Amino acid sequence: MNVADLGVFPDSVEFVVEQRGLILEKTWDHLVLSGAALALALLVALPLGIWLGHLHRGSFVAINVANIGRALPSLAVIAIGIAFLGVGFTNVTVALVVLAVPPILTNAYVAVDGVEADVVEAARGMGMTKSQIVRRVELPLAVPLVFAGIRTATVFVIATATIAAVAGGGGLGDIIVNQAAYGLEGVVGAAICVSVLALVADALLGGLQRLVTPPGLRSIPDALEPDVITGVTRR
């Protein structure tokens, strides 16, 4: 690193401050895109993962969906989608959904499938129905690992949404891929904003996870579950 490089970071911060209107507009677009993709992924993957885990079936589906989702580059999905969906918001959202589904689905399946059989049998012996067992027994015990998948997917989506710019999806990626217009300080400034968004989103989800986790599990070390895809332990 030469001396000139040392000025990039303060220049980037100055760019963010001076161009705060542009940054706020692009940040909002980035959040809308990421939020839409995550909402769709949750609607698809979470119920399916919980259902398969409750049945103790479908490990082949969960594992292979995770492997396929990780193997498909988001840029390739966007390129294929252009032929069917054209350029724009919808195409990029589909690509991000493909990225977000694997960790949510796999973690939900493993979390529910891993609930102790004795606990489920005890609940069944108390007269609980299948839906009550899922809602009152399996889901509360599965919360830490389920949220680990959601948090992993959220960080992946926010970070990867920067490629939306190549397909007209908008967001902070519009600045990152356009160094000719915004300069190096603009590129770095937008990248910093993406990093902050990902960290803030992860922290907020961590707080929500703690709120919905049963009090008895908060003090148990095993409740700090690793994401089953990345192996990263999340609090």
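The values are calculated or read from the model by the stated rules, or taken from the named source; none is laboratory data. All values reported here derive from a predicted model rather than from experimental measurement. Neighbour counts run over all protein chains shown; Cβ positions are idealised from the backbone, glycine included. Remember, those area values only see protein heavy atoms, side chains included, never the ligands or the DNA or RNA. Shrake-Rupley method; radii C 1.70, N 1.55, O 1.52, S 1.80 Å.
Some notes on this structure:
- All positions within the stretch 82-127 that are open to solvent by 60 Å² or more (accessible area, probe 1.4 Å) and either within 23 Å of VAL155 (Cβ to Cβ) or among the polar types (S, T, N, Q) (or both): PHE89, THR90, VAL94
- Residue within the stretch 128-143 that is part of a loop (DSSP other than H, G, I, E, B) and open to solvent by 20 Å² or more (accessible area, probe 1.4 Å) present: yes
- Any hit, the stretch 49-60, residues being assigned to a helix (DSSP H, G or I), polar (S, T, N, Q) and closer than 30 Å to GLY170 by Cα: no
- Which numbered condition SER74 fails, given (1) modelled with pLDDT of 80 or more; (2) buried (at least 18 other Cβ atoms within 10 Å of the Cβ): (1)
- Test: ALA62 is under 26 Å from the mean Cα position of the chain (by Cα), surrounded by 20 or more Cβ atoms within 10 Å (Cβ to Cβ), of a type in the set (A, V, I, L, M) and at pLDDT below 85: yes
- Considering residues of the stretch 165-206 that are assigned to a helix (DSSP H, G or I), over 18 Å from SER12 (Cα atoms) and at pLDDT below 90 only, the residue least open to solvent (accessible area, probe 1.4 Å): ALA167
- THR152 being open to solvent by 10 Å² or more (accessible area, probe 1.4 Å), among the hydroxyl-bearing types (Ser, Thr, Tyr), modelled with pLDDT of 80 or more and assigned to a helix (DSSP H, G or I): no
- Check on LEU6, in a helix (DSSP H, G or I), at pLDDT below 95, open to solvent by less than 60 Å² (accessible area, probe 1.4 Å) and closer than 18 Å to VAL188 by Cα: no
- Options VAL137, VAL166, VAL155: the member that is among the hydrophobic types (A, V, I, L, M, F, W, C) and more than 23 Å from the chain's Cα centre (by Cα): VAL137
- Looking only at residues of the stretch 10-57 that are within 30 Å of ALA181 (Cα to Cα) and aromatic (Phe, Trp, Tyr), we find that the one that is most open to solvent (accessible area, probe 1.4 Å) is TRP28.
- Meets criteria (at pLDDT below 75, in a helix (DSSP H, G or I) and surrounded by 20 or more Cβ atoms within 10 Å (Cβ to Cβ)) for GLY69: yes
- In the stretch 57-70, the residues that are among the charged types (D, E, K, R) reach residues that are open to solvent by less than 80 Å² (accessible area, probe 1.4 Å) and modelled with pLDDT under 70 with C-beta atoms within less than 9 angstrom, at least six apart or across chains, in these pairs: ARG70/ILE229.
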